[in-house]
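Reading through the C-alpha coordinates given below for one structure.
The values are calculated or read from the model by the stated rules, or taken from the named source; none is laboratory data. Note that this is a predicted model, so its numbers are computed, not measured. Cβ sites come from the backbone with ideal geometry, for glycine too, and all protein chains shown count toward neighbours.
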Amino acid sequence: MYVPHAVRAVASRRGFTLVELLVVIAILTILTALLYPVFASARAAARNSACAQNLRQVGAAVLMYLGDHDGVMPPAYIPAQRSSWAGVAQANVKSWRVFRCPAMVDARFGTSTIWQPPLDITQNLSRWEAFGWNADYLNLARDDCADYDLGGSRAGPPIHEAAIGQPAATVMLVGVGLSPGQGSWAGINPLHPVNGGYFLATAPASVSTTDLCTGSDGGWGQGGYLGPYGGFETPRHGGRGGNVCFVDGHVRTMTAAQLAAGTNWDPTRRNSEIVITDRSRYLWDLE
(Lines give C-alpha, C1' and ligand atoms only; values in the text may rest on other atoms or scores of the structure.)
Protein backbone atom coordinates (compact mmCIF):
# COMPACT_ATOMS: atom_id res chain seq x y z
CA MET A 1 0.00 0.00 0.00
CA TYR A 2 1.27 3.44 -0.85
CA VAL A 3 2.08 5.64 2.19
CA PRO A 4 2.47 9.34 1.48
CA HIS A 5 5.96 10.76 2.14
CA ALA A 6 4.65 13.21 4.75
CA VAL A 7 3.12 10.36 6.75
CA ARG A 8 6.33 8.36 6.61
CA ALA A 9 8.28 11.43 7.87
CA VAL A 10 5.92 11.91 10.80
CA ALA A 11 6.20 8.23 11.72
CA SER A 12 10.00 8.38 11.58
CA ARG A 13 10.00 11.30 14.02
CA ARG A 14 8.05 9.47 16.72
CA GLY A 15 9.08 10.63 20.25
CA PHE A 16 9.96 8.57 23.33
CA THR A 17 7.24 6.52 24.95
CA LEU A 18 6.43 6.99 28.64
CA VAL A 19 8.09 3.68 29.45
CA GLU A 20 11.30 4.71 27.69
CA LEU A 21 11.38 8.03 29.56
CA LEU A 22 10.87 6.27 32.89
CA VAL A 23 13.73 3.88 32.09
CA VAL A 24 16.07 6.80 31.31
CA ILE A 25 15.05 8.59 34.51
CA ALA A 26 15.65 5.43 36.54
CA ILE A 27 19.13 4.98 35.03
CA LEU A 28 20.05 8.60 35.75
CA THR A 29 18.80 8.24 39.34
CA ILE A 30 20.93 5.14 39.88
CA LEU A 31 24.00 6.81 38.39
CA THR A 32 23.48 9.87 40.61
CA ALA A 33 23.17 7.68 43.71
CA LEU A 34 26.36 5.84 42.77
CA LEU A 35 28.40 8.95 41.98
CA TYR A 36 27.23 11.27 44.78
CA PRO A 37 29.37 9.62 47.50
CA VAL A 38 32.38 9.85 45.17
CA PHE A 39 31.84 13.57 44.59
CA ALA A 40 31.15 14.17 48.30
CA SER A 41 34.32 12.32 49.24
CA ALA A 42 36.36 14.30 46.72
CA ARG A 43 34.93 17.56 48.05
CA ALA A 44 35.73 16.56 51.63
CA ALA A 45 39.26 15.56 50.63
CA ALA A 46 39.77 18.94 48.96
CA ARG A 47 38.61 20.76 52.08
CA ASN A 48 40.84 18.63 54.27
CA SER A 49 43.80 19.33 51.98
CA ALA A 50 43.17 23.09 52.17
CA CYS A 51 42.95 22.84 55.95
CA ALA A 52 46.21 20.88 56.10
CA GLN A 53 47.95 23.53 54.05
CA ASN A 54 46.68 26.24 56.42
CA LEU A 55 47.85 24.24 59.42
CA ARG A 56 51.29 23.83 57.82
CA GLN A 57 51.57 27.62 57.53
CA VAL A 58 50.43 28.14 61.11
CA GLY A 59 52.94 25.56 62.35
CA ALA A 60 55.71 27.39 60.46
CA ALA A 61 54.59 30.65 62.09
CA VAL A 62 54.94 29.07 65.54
CA LEU A 63 58.45 27.83 64.68
CA MET A 64 59.35 31.38 63.64
CA TYR A 65 58.08 32.57 67.02
CA LEU A 66 60.35 30.04 68.73
CA GLY A 67 63.29 31.35 66.76
CA ASP A 68 62.53 34.90 67.89
CA HIS A 69 62.04 33.92 71.56
CA ASP A 70 65.03 31.69 72.28
CA GLY A 71 63.06 28.47 71.87
CA VAL A 72 60.32 29.30 74.39
CA MET A 73 56.80 28.28 73.40
CA PRO A 74 54.09 30.95 73.10
CA PRO A 75 51.64 31.42 75.97
CA ALA A 76 48.38 29.52 75.62
CA TYR A 77 46.34 32.57 76.58
CA ILE A 78 47.20 36.23 77.12
CA PRO A 79 44.67 37.72 79.55
CA ALA A 80 45.68 41.37 79.11
CA GLN A 81 45.00 41.15 75.37
CA ARG A 82 42.22 38.57 75.61
CA SER A 83 44.23 36.76 72.96
CA SER A 84 45.95 33.39 72.61
CA TRP A 85 48.98 31.65 71.14
CA ALA A 86 47.38 32.30 67.73
CA GLY A 87 47.49 36.04 68.32
CA VAL A 88 51.29 36.02 68.56
CA ALA A 89 51.77 33.44 65.78
CA GLN A 90 49.60 35.45 63.40
CA ALA A 91 52.24 38.19 63.30
CA ASN A 92 54.43 35.79 61.32
CA VAL A 93 51.88 34.99 58.61
CA LYS A 94 50.17 38.40 58.34
CA SER A 95 46.78 36.81 57.71
CA TRP A 96 43.98 35.45 59.83
CA ARG A 97 42.50 33.45 56.96
CA VAL A 98 45.00 30.61 57.43
CA PHE A 99 43.59 30.08 60.92
CA ARG A 100 40.25 29.04 59.45
CA CYS A 101 39.29 25.82 57.65
CA PRO A 102 36.59 25.43 54.97
CA ALA A 103 34.66 22.77 56.91
CA MET A 104 34.62 24.74 60.17
CA VAL A 105 31.29 26.01 61.51
CA ASP A 106 31.73 29.65 62.47
CA ALA A 107 30.99 30.86 65.97
CA ARG A 108 28.35 33.56 66.17
CA PHE A 109 28.04 36.61 68.36
CA GLY A 110 24.62 38.19 68.09
CA THR A 111 23.65 38.31 64.43
CA SER A 112 27.23 38.21 63.11
CA THR A 113 29.77 35.44 62.79
CA ILE A 114 33.17 35.86 64.42
CA TRP A 115 34.79 35.58 60.99
CA GLN A 116 32.78 38.21 59.16
CA PRO A 117 34.85 41.15 57.82
CA PRO A 118 36.57 43.20 59.00
CA LEU A 119 38.90 40.51 60.38
CA ASP A 120 40.62 42.76 62.89
CA ILE A 121 39.31 41.56 66.24
CA THR A 122 42.28 39.56 67.54
CA GLN A 123 40.58 38.66 70.80
CA ASN A 124 37.86 36.81 68.87
CA LEU A 125 39.74 35.31 65.94
CA SER A 126 42.55 33.96 68.11
CA ARG A 127 40.13 32.02 70.29
CA TRP A 128 37.53 30.71 67.84
CA GLU A 129 39.78 29.40 65.11
CA ALA A 130 40.43 26.04 63.49
CA PHE A 131 43.49 24.78 65.37
CA GLY A 132 43.83 23.76 69.00
CA TRP A 133 47.08 24.15 70.94
CA ASN A 134 48.48 21.33 73.09
CA ALA A 135 48.53 23.53 76.18
CA ASP A 136 48.48 20.56 78.56
CA TYR A 137 52.15 19.92 77.80
CA LEU A 138 53.50 22.89 75.84
CA ASN A 139 52.33 25.15 78.68
CA LEU A 140 52.93 22.57 81.38
CA ALA A 141 51.57 23.13 84.87
CA ARG A 142 52.84 20.86 87.63
CA ASP A 143 50.61 18.19 89.11
CA ASP A 144 50.08 20.25 92.27
CA CYS A 145 48.68 23.05 90.06
CA ALA A 146 50.76 25.67 91.89
CA ASP A 147 51.78 27.26 88.58
CA TYR A 148 48.47 26.82 86.78
CA ASP A 149 46.43 29.83 85.59
CA LEU A 150 48.84 32.41 86.96
CA GLY A 151 47.50 35.81 86.00
CA GLY A 152 44.55 34.15 84.25
CA SER A 153 46.70 32.30 81.70
CA ARG A 154 44.39 29.22 81.70
CA ALA A 155 47.50 27.01 81.57
CA GLY A 156 50.99 26.67 82.97
CA PRO A 157 54.06 28.64 81.88
CA PRO A 158 55.40 28.10 78.34
CA ILE A 159 58.07 25.42 78.20
CA HIS A 160 61.38 25.54 76.32
CA GLU A 161 61.64 23.41 73.19
CA ALA A 162 64.68 21.69 74.69
CA ALA A 163 62.32 19.98 77.16
CA ILE A 164 60.69 18.03 74.32
CA GLY A 165 62.33 14.68 73.83
CA GLN A 166 60.94 13.89 70.37
CA PRO A 167 59.68 16.98 68.51
CA ALA A 168 58.67 14.89 65.47
CA ALA A 169 56.48 12.69 67.68
CA THR A 170 54.96 15.36 69.97
CA VAL A 171 51.65 17.03 69.11
CA MET A 172 51.72 20.80 68.80
CA LEU A 173 48.41 21.61 67.08
CA VAL A 174 45.36 19.67 65.94
CA GLY A 175 42.40 20.61 63.78
CA VAL A 176 39.52 21.37 66.16
CA GLY A 177 35.83 20.62 65.76
CA LEU A 178 33.74 20.65 68.94
CA SER A 179 31.68 17.45 69.24
CA PRO A 180 28.61 16.69 71.39
CA GLY A 181 28.87 14.55 74.50
CA GLN A 182 28.27 14.60 78.23
CA GLY A 183 29.67 17.85 79.60
CA SER A 184 30.66 19.14 76.18
CA TRP A 185 30.38 22.80 75.27
CA ALA A 186 29.44 21.86 71.69
CA GLY A 187 26.07 23.36 70.83
CA ILE A 188 25.41 25.03 74.19
CA ASN A 189 25.40 28.50 72.60
CA PRO A 190 26.22 30.21 69.27
CA LEU A 191 29.83 30.79 70.36
CA HIS A 192 30.38 27.04 70.64
CA PRO A 193 28.57 25.41 67.70
CA VAL A 194 28.95 21.73 66.91
CA ASN A 195 32.03 21.40 64.65
CA GLY A 196 33.09 24.91 65.62
CA GLY A 197 36.69 25.86 66.31
CA TYR A 198 38.54 26.59 69.54
CA PHE A 199 42.08 27.64 70.39
CA LEU A 200 42.89 24.71 72.67
CA ALA A 201 42.85 20.93 72.40
CA THR A 202 43.22 18.58 75.35
CA ALA A 203 45.44 15.52 75.66
CA PRO A 204 43.51 12.21 75.79
CA ALA A 205 44.56 11.16 79.32
CA SER A 206 44.97 14.61 80.87
CA VAL A 207 42.45 13.90 83.66
CA SER A 208 44.08 10.73 85.01
CA THR A 209 47.79 11.41 84.42
CA THR A 210 50.02 12.53 87.29
CA ASP A 211 52.58 14.47 85.26
CA LEU A 212 50.54 17.66 84.92
CA CYS A 213 47.84 19.74 86.58
CA THR A 214 44.50 18.15 85.76
CA GLY A 215 40.87 19.18 85.82
CA SER A 216 37.80 16.99 85.92
CA ASP A 217 36.40 18.40 82.64
CA GLY A 218 39.50 17.94 80.49
CA GLY A 219 40.79 15.05 78.41
CA TRP A 220 38.99 12.87 75.88
CA GLY A 221 35.83 10.87 76.55
CA GLN A 222 32.46 11.65 78.05
CA GLY A 223 32.68 14.56 80.49
CA GLY A 224 35.30 16.49 78.51
CA TYR A 225 34.39 20.10 77.82
CA LEU A 226 35.55 19.86 74.19
CA GLY A 227 33.72 16.60 73.58
CA PRO A 228 34.69 12.92 73.59
CA TYR A 229 37.48 13.60 71.05
CA GLY A 230 39.12 16.35 73.09
CA GLY A 231 38.27 18.86 70.39
CA PHE A 232 39.89 16.82 67.59
CA GLU A 233 38.05 17.47 64.32
CA THR A 234 37.51 13.86 63.18
CA PRO A 235 33.66 13.91 63.58
CA ARG A 236 33.56 16.87 61.18
CA HIS A 237 35.14 14.70 58.47
CA GLY A 238 32.83 11.74 58.97
CA GLY A 239 35.28 9.90 61.23
CA ARG A 240 37.94 9.74 58.52
CA GLY A 241 40.39 11.72 60.65
CA GLY A 242 41.80 15.21 60.91
CA ASN A 243 45.00 17.20 60.64
CA VAL A 244 47.80 17.21 63.21
CA CYS A 245 50.92 19.40 63.31
CA PHE A 246 53.87 18.16 65.34
CA VAL A 247 56.47 20.29 67.10
CA ASP A 248 58.96 19.90 64.26
CA GLY A 249 56.39 21.46 61.90
CA HIS A 250 55.33 18.45 59.82
CA VAL A 251 51.61 17.81 59.29
CA ARG A 252 49.81 14.47 59.10
CA THR A 253 46.22 13.38 58.63
CA MET A 254 45.37 10.98 61.45
CA THR A 255 42.37 9.13 62.83
CA ALA A 256 41.25 9.69 66.41
CA ALA A 257 42.50 6.23 67.37
CA GLN A 258 45.94 7.03 66.00
CA LEU A 259 46.05 10.35 67.84
CA ALA A 260 45.00 8.65 71.08
CA ALA A 261 47.60 5.89 70.69
CA GLY A 262 49.07 4.59 73.93
CA THR A 263 45.78 4.99 75.83
CA ASN A 264 42.61 3.00 76.38
CA TRP A 265 40.49 5.78 74.86
CA ASP A 266 37.04 5.06 73.55
CA PRO A 267 34.48 7.84 72.87
CA THR A 268 31.95 6.13 75.14
CA ARG A 269 34.24 6.02 78.20
CA ARG A 270 34.29 8.67 80.90
CA ASN A 271 37.22 11.06 80.59
CA SER A 272 38.39 10.04 84.06
CA GLU A 273 38.73 6.44 82.85
CA ILE A 274 41.13 7.28 80.00
CA VAL A 275 44.64 6.32 81.08
CA ILE A 276 48.04 6.01 79.43
CA THR A 277 48.73 2.35 78.74
CA ASP A 278 51.92 2.71 76.70
CA ARG A 279 53.94 5.87 77.30
CA SER A 280 56.21 5.12 74.31
CA ARG A 281 53.25 5.48 71.92
CA TYR A 282 51.64 8.52 73.59
CA LEU A 283 52.00 11.52 71.25
CA TRP A 284 51.08 14.36 73.59
CA ASP A 285 53.65 14.43 76.38
CA LEU A 286 57.27 15.61 76.37
CA GLU A 287 59.00 12.24 76.45
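Note on segment 147-162: residues that are in a helix (DSSP H, G or I), touching a Pro at 6+ places or on another chain (Cβ under 8 Å) and closer than 15 Å to Val72 by Cα total 1.
The numbered conditions (1) touching a Leu at 6+ places or on another chain (Cβ under 8 Å); (2) buried (at least 19 other Cβ atoms within 10 Å of the Cβ); (3) among the aromatic types (Phe, Trp, Tyr); (4) more than 18 Å from Val251 (Cα to Cα) are all true for Trp85 except (1). Could you please let me know if Leu178 is more than 17 Å from Gly71 (Cα to Cα), modelled with pLDDT of 90 or more, of a type in the set (A, V, I, L, M, F, W, C) and surrounded by 24 or more Cβ atoms within 10 Å (Cβ to Cβ)? It is true that Leu178 is more than 17 Å from Gly71 (Cα to Cα), modelled with pLDDT of 90 or more, of a type in the set (A, V, I, L, M, F, W, C) and surrounded by 24 or more Cβ atoms within 10 Å (Cβ to Cβ). Sort out which residues of segment 246-278 are of a type in the set (A, V, I, L, M) and within 18 Å of the chain's Cα centre (by Cα), and write them in order of number. If the condition is that a residue be of a type in the set (A, V, I, L, M) and within 18 Å of the chain's Cα centre (by Cα), then Val247, Val251, Met254, Ala256, Ala257, Leu259, Ala260, Ala261 are the ones that fit. Taking Ala89, is it in a helix (DSSP H, G or I) and at pLDDT 90 or above? Yes: the conditions hold for Ala89. Scoring Gly156 on the criteria (1) over 20 Å from Cys245 (Cβ atoms); (2) in contact with a helix residue (DSSP H, G or I) (Cβ under 6 Å, 6 or more places away or on another chain) leaves a single failure, condition (2). A search for C-beta distances below 7 Å between a residue of segment 128-144 that is crowded, with 24+ Cβ neighbours inside 10 Å and any residue that is hydroxyl-bearing (Ser, Thr, Tyr) and modelled with pLDDT of 90 or more, counting only pairs 6+ apart in sequence or on different chains, returns Trp128/Tyr198; Gly132/Tyr198; Asp136/Thr202; Asp136/Ser206. Only residues that are farther than 14 Å from Asp285 by Cα, part of a loop (DSSP other than H, G, I, E, B) and touching a residue at least 60 places away in the same chain (Cβ under 8 Å) were counted across segment 163-180, and they come to 1.
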